[in-house]
Amino acid sequence: MQPDEAWGSRWHSCAHPLSHRYMEVACDKRSLVILAADVSKVDDLVELVESVGPHIAGLKTHVDMTEGFTIGEWGRVVDAAKKHGLLIFEDRKFADIGRVTETQMGGMYDIRSWADLVTSHSISGPDIVDGIAAAWDSVQRIGGVLLLAQMSSRGNLLEAGYTDSTIEMGTASPHVIGYIGNGSNPDDISSLRAKVGEGRMIWTPGVNLSAEEGVLGQRYGHPSDAIIAGSDAVIVGSGIHKSEDPAAAARAYGDATWAALMSR
Ligand code: S5P
């Protein structure tokens, strides 16, 4: 299916090239799943990507959980993701001033050289996004930022006023492709979508086909409900990597999200 048919006004209204790349990959894979690959060994990460790669649209990493990190070894993860046509999304949740954040995009992990997307908090103000974009600029790459407008964890402090200010900040920046919303609650997603409009993506963690509650205060909702409510991608970790058959699990999440997009 052509992406404009599948995505409707979202395809026409989202301006950032990486939004379009994501929507195209999702159509190719018939899956709106971003794998939260929360594993700490490169070997396990590569094996996971190889097994679920055909059923997902993007790979979300936490590079700083990698044991014995070297940039050379990390190249194996990047190669595996590229082989499967995945967007690479480093969930760094930056939160510092712009200048420091620009530097943190380099350093030992050199996020700017391999990540297509990163997450950022909005707490420190709009210059953080410019710092991230300047880092990509310095290596002649284009990337996109997802701002945390809501969170899935119990008791988080991202209340409605904070969400509104975050959207204001994102709307003003060409580098912000969208927002992280709370996938555990369809009402939260609908209200976020009403505020965001059509011009930005909403990606949602806190999604699981069976569990209602995760460890340490994580909350979960159903992937189909999240897409119907206005999410454009579900971020799934444990539901896939803790499953006995990660490939089958990834396919189930892919099928559920694609069907939900088609009905939306
Ligand atoms: O509010 C949030 C934002 C994020 S990016 N809640 C989250 O859980 N996440 C991330 O999504 C988190 O860092 C983890 O990598 C993933 C959820 O993993 P799961 O195992 O609970 O599906």
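The values are calculated or read from the model by the stated rules, or taken from the named source; none is laboratory data. Predicted model, so just to flag it, every value in this text is computed and none were measured. Methodologically, a virtual Cβ is constructed for each residue, glycine included, from the backbone with ideal geometry; neighbour enumeration extends over all protein chains shown. Areas reflect the complete protein model, heavy atoms only, side chains present, ligands, DNA and RNA absent. Shrake-Rupley method; radii C 1.70, N 1.55, O 1.52, S 1.80 Å.
State which helices in the chain qualify, where a helix is a whole DSSP H run, it must extend 20 Å or more along its own axis by its Cα atoms, and its mean Kyte-Doolittle hydropathy must be at least -0.5. Write down the numbers at each step before the final one.
On the way: long enough: 246-263 (26 Å, 0.36).
Qualifying helices, which must be both long enough and hydrophobic enough, are 246-263.
Can you pull the semi-axes for segment 86-143, root of five times each eigenvalue of the Cα gyration tensor, sorted largest first, whole Å? Write down the numbers at each step before the final one.
Values: eigenvalues 54, 29, 20 Å².
Equivalent ellipsoid of segment 86-143: 16, 12, 10 Å, largest first.
In µm²/s, what is D for segment 116-216 at 37 °C and 0.692 mPa s, where D = kT/(6 pi eta Rh) by Stokes-Einstein and Rh is the Kirkwood radius from Cα pairs? All intermediate terms of the calculation are to be shown ahead of the outcome.
On the way: Rh = 14.2 Å.
It diffuses with D of about 231 µm²/s by this estimate.
Can you quote the Å³ per residue value for the convex hull of the Cα atoms in the chain, rounded to an integer? Each step should come with its number before you reach the end.
Values: hull volume 30.3 nm³, N = 264.
Roughly 115 Å³ of hull volume per residue.
Summing +1 for each Lys or Arg and -1 for each Asp or Glu, what net charge is found among the other residues whose Cβ lies under 12 Å from the Cβ of residue 202?
Numbers: positive: 10, 193, 195, 200; negative: 188, 198, 232.
Counting the neighbours of residue 202, the net charge comes to +1.
Taking H as built 1.01 Å from N, whose amide H comes closer than 5 Å to the amide H of residue 221, not counting residues under 5 places away?
The list, which skips near neighbours in sequence, is 184, 207, 208.
So what is the calculated 222 nm ellipticity per residue for the chain, using -39500 (n - 2.57) for each DSSP H run with n of 4 or more, over all residues, to the nearest 500 deg cm²/dmol? Could you put the intermediate results ahead of the total?
On the way: 12 runs with 117 residues, N = 264.
Counting only the DSSP helices, I get -13000 deg cm²/dmol.
Report the calculated FRET efficiency for residue 244 and residue 79 (r = Cβ-Cβ distance, R0 = 22 Å), to the nearest 0.05.
So the FRET efficiency works out to roughly 0.25.
Which order do you get for 108, 65, 23 if you rank them by accessible area with a 1.4 Å probe, largest at the top? Write out the running numbers ahead of the final one.
Values: 108 125, 65 70, 23 0 Å².
Largest accessible area first, the residues go 108, 65, 23.
Note down the nm distance, to one decimal, between modelled labels 7 Å out along Cα→Cβ at residue 97 and at residue 140.
It is 3.2 nm.
Of the candidates 125, 107, 170, which one comes out as most mobile in a Gaussian network treatment of the chain with C-alpha springs shorter than 10 Å?
Comparing 125, 107, 170 in a Gaussian network model of the chain, the most mobile one is 107.
Can you tell me how much longer the chain between residue 228 and residue 44 gets when fully stretched, taken as 0.36 nm per residue apart minus their C-alpha distance, in nm with one decimal?
Working: separation 184, 0.36 × 184 = 66.24 nm, distance 3.28 nm.
Gain on extension, residue 228 to residue 44, equals 63.0 nm.
Where is the GNM fluctuation largest for the chain (alpha-carbon springs, 10 angstrom cutoff): 97, 189, 56?
97
Kirkwood hydrodynamic radius, segment 51-190, all distinct C-alpha pairs: what's the number in Å?
15.8
Just the accessible area per residue of segment 57-130, please: how many Å² with a 1.4 Å probe? Before the final figure, lay out the partial values.
Numbers: 3090 Å² over 74 residues.
Each residue of segment 57-130 exposes 42 Å² on average to a 1.4 Å probe.
Hey, which of these cross-link pairs are over 30 Å Cα-Cα: 29/93; 93/242; 41/195; 195/242? Don't jump to the answer; show the numbers that get you there.
Working: 29/93 27 Å; 93/242 23 Å; 41/195 39 Å; 195/242 34 Å.
Listed pairs above 30 Å: 41/195; 195/242.
Could you tell me the calculated FRET efficiency between residue 64 and residue 171, based on Cβ-Cβ distance and R0 = 25 angstrom, to the nearest 0.05?
On the way: r = 30 Å, r/R0 = 1.19.
Approximately 0.25, to the nearest 0.05.
Would you mind counting up the charge near residue 116? Only other residues with Cβ under 12 Å from its Cβ, with Lys and Arg at +1 and Asp and Glu at -1.
Details: positive: 21, 60, 82, 112, 141; negative: 90.
Surrounding charge for residue 116 is +4.
What is the sum of charges around residue 225, taking Lys and Arg as +1, Asp and Glu as -1, for the other residues whose C-beta is under 12 Å from the C-beta of residue 225? The partial results should precede the final answer.
On the way: positive: 264; negative: 187, 188.
Net charge in that neighbourhood comes out at -1.
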